[in-house]
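Asks: I am attaching a structure below and will ask some questions about it afterwards.
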Amino acid sequence: MSIKSRFAPSPTGYLHIGGARTALFSWLYARKHGGTFVLRIEDTDLERSTPESVNAILEGMTWLGLEYDEGPFYQTHRFDRYKQVIQQLLDQGDAYFCYCSKDELEAMREEQMANKQKPRYDARCRGRTEPLEGVSPVIRFRNPTEGTVVVEDLIRGRVAFQNTELDDLIIARSDGTPTYNLTVVVDDADMGINYVIRGDDHLNNTPRQMNILKALGFEPPIYAHVPMILGGDGKRLSKRHGAVSVMQYRDEGYLPEAVLNYLVRLGWSHGDQELFSIDEMIELFQLENVNKAASTYNQDKLLWINHQYIMNSDPAHIAHHLSVHMGKLDIDPSVGPNIEEVIVAQREKAKTLVELADTCAFYYRDPSEYNAKTAKKAFVEAAIEPLTRARDGLLVLDDWRREPIHAVLEQVVTELEIGFGQIGMPVRLALTGGAPSPELDLTICLVGKDAATRRIDAAIEYIRSNS
């Protein structure tokens, strides 16, 4: 059997971290088994669904690299099909019109709660044969009143539901628009979805959906309900814990592979391994190894993983993602030193691409100011002669590599009989303004002859004007 899975978000907001993990698990399972991955936009909530949210979902999927084989399909394009199915259920006697008002339903709920009963629709319109004039009815599915629905869940195992516990859910609103539990059933059946991987907040919907599938003569898919993600306080993940848009992670300087690596480890493991390439995720991922318990979001762990990717990824790949952050600093990385060489020099201490862009900036523009504390120590009158000799030596240097540059600095130290710090500290401050930088000869080499000598001249002028 060819596996076909899907990700079916509602466009009522951004693609958040929980939705991205569900998409990743579905995508990995399809990829592992040579199957098909479908993207479906469940936009039947016309009041809350927005084009902006649709774009945010598509943008997030693209940034993460979760390419889909079919779709995106939009439920609002399939209303005629849903109406056909609803009419089929009515004709079969598996659905009926309900004329209960909101006040009537609220009174029913209050009475049940007063009697310490589970609030639920009591099916009072099941036997109604005549319409109620002046009322636009909803349509409810006639759920079986006997028997058991068994969900053989790939993560949670066998879960049984008594039909007596399931009420007659609404499948069409009073305006005729279909509801989630109807559309998801029709779509999964029509699209041939045979593996449904979704959050466990949908588990209680599953027996109802299985009953509708049975009424329509369809075989239910295989289900896997993924436990939710919790914040550090044990409560459901929210914005205050970091449950922000996937695209905000991009804006904050995370690499997409790092986010995927973090997400795959939220509830799944392969021994003690922490870092996985995409190919390793596909090869090793098993739904049966997803934890039954909820996972806890840990921002520090995400930062650690991101740092590992910055340290170990191909500099060209990092440069591709870094460019947008350099642009935000009004820096064109194509004008100046080789950005890949700069990345290798600077990435050790950067946990995010935002930090990396900040630490790379001095290579592409002269300092507008100097670190005051360092300047007080380094930019003293005695530093003028070492700086001048360093400038002169660098200016006539034809072989612009680290070794000859270092030899120029050592010659200044020897000629003036000073410690290396007496030349190193002021030169470094002149070039960087105080930003973190690697070995001095490498820093000078990457900054370039013109910029290095120009900046040293500016430092000398600064010392003279402040002496």
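The values are calculated or read from the model by the stated rules, or taken from the named source; none is laboratory data. For clarity, every value in this text was computed on a predicted model and none was experimentally measured. Don't worry about glycine lacking a Cβ; one is built from the backbone with ideal geometry, like all the others, and counts go over all protein chains shown.
Asks: From the set of residues in the range 317-350 that are closer than 26 Å to LEU440 by Cβ and of a type in the set (Gly, Ala, Ser), which is farthest from the chain's Cα centre (by Cα)?
Replies: That would be GLY336.
Asks: Which one is farthest from GLN117 (Cα to Cα), of the residues in the range 143-199 that are more than 33 Å from the chain's Cα centre (by Cα) and of a type in the set (Asp, Glu)?
Replies: Among those residues, the one meeting the criterion is ASP175.
Asks: Considering the range 377-424 alone, what residues qualify as being of a type in the set (S, T, N, Q) and either touching a residue at least 24 places away in the same chain (Cβ under 8 Å) or not assigned by TED's automatic domain parsing to the domain that holds ALA452 (or both)? Don't jump to the end; show me each part of the working.
Replies: Pass one, the range 377-424, residues of a type in the set (S, T, N, Q): 388, 411, 414, 422.
Matches in the range 377-424: THR388, GLN422.
Asks: Right, another one. Given the criterion at pLDDT below 95, of a type outside the set (S, T, N, Q) and outside any loop (DSSP other than H, G, I, E, B), identify the matching residue among ALA107, ALA189.
Replies: Exactly one of ALA107, ALA189 is at pLDDT below 95, of a type outside the set (S, T, N, Q) and outside any loop (DSSP other than H, G, I, E, B), namely ALA107.
Asks: Related question: Within the range 239-248, can one find any residue that is more than 30 Å from ASP190 (Cβ to Cβ) and assigned to a strand (DSSP E or B)? Before you say what the answer is, go through the steps one by one.
Replies: So in the range 239-248, the residues more than 30 Å from ASP190 (Cβ to Cβ) come out as 239-245, 247-248.
Among the residues that remain, those that are also assigned to a strand (DSSP E or B) are: 245.
The answer is yes, given that some residue of the range 239-248 is more than 30 Å from ASP190 (Cβ to Cβ) and assigned to a strand (DSSP E or B).
Asks: For GLY271, which of the numbered conditions (1) surrounded by fewer than 19 Cβ atoms within 10 Å (Cβ to Cβ); (2) part of a helix (DSSP H, G or I) fails to hold?
Replies: Here GLY271 meets the rest and fails (2).
Asks: Looking at the range 70-79, is at least one residue hydrophobic (A, V, I, L, M, F, W, C), outside any loop (DSSP other than H, G, I, E, B), more than 29 Å from GLU257 (Cβ to Cβ) and touching a residue at least 24 places away in the same chain (Cβ under 8 Å)?
Replies: Looking only at the range 70-79, we keep the residues that are hydrophobic (A, V, I, L, M, F, W, C), and these are 73, 79.
Subset that is outside any loop (DSSP other than H, G, I, E, B): 73, 79.
From the residues that got through so far, the ones that are more than 29 Å from GLU257 (Cβ to Cβ) too are 79.
Then drop every residue that is not touching a residue at least 24 places away in the same chain (Cβ under 8 Å), which leaves 79.
Yes, the range 70-79 has at least one match.
Asks: Among ASP187, ASP167, ASP153, which is the only one that is surrounded by fewer than 18 Cβ atoms within 10 Å (Cβ to Cβ) and within 28 Å of PRO9 (Cβ to Cβ)? Steps first, please.
Replies: Details: ASP187 fails: surrounded by fewer than 18 Cβ atoms within 10 Å (Cβ to Cβ); ASP153 fails: surrounded by fewer than 18 Cβ atoms within 10 Å (Cβ to Cβ).
Only one candidate qualifies: ASP167.
Asks: Kindly list the number of the only condition in (1) of a type outside the set (S, T, N, Q); (2) touching a strand residue (DSSP E or B) at 6+ places or on another chain (Cβ under 8 Å); (3) farther than 24 Å from LEU260 by Cβ that fails for TYR363.
Replies: (2)
Asks: Across the range 314-349, what is the total count of residues that are assigned to a loop (DSSP other than H, G, I, E, B) and among the polar types (S, T, N, Q)? Before the answer, list the steps.
Replies: Pass one, the range 314-349, residues assigned to a loop (DSSP other than H, G, I, E, B): 314, 329-338.
When the remaining residues are screened for being among the polar types (S, T, N, Q), the result is 334, 338.
Counting residues in the range 314-349 that are assigned to a loop (DSSP other than H, G, I, E, B) and among the polar types (S, T, N, Q) gives 2.
Asks: Turning to a different aspect of this structure: So if I check each of TYR309, TYR297, which one is in contact with a strand residue (DSSP E or B) (Cβ under 6 Å, 6 or more places away or on another chain) and surrounded by 14 or more Cβ atoms within 10 Å (Cβ to Cβ)?
Replies: Sole residue among the options that is in contact with a strand residue (DSSP E or B) (Cβ under 6 Å, 6 or more places away or on another chain) and surrounded by 14 or more Cβ atoms within 10 Å (Cβ to Cβ): TYR297.
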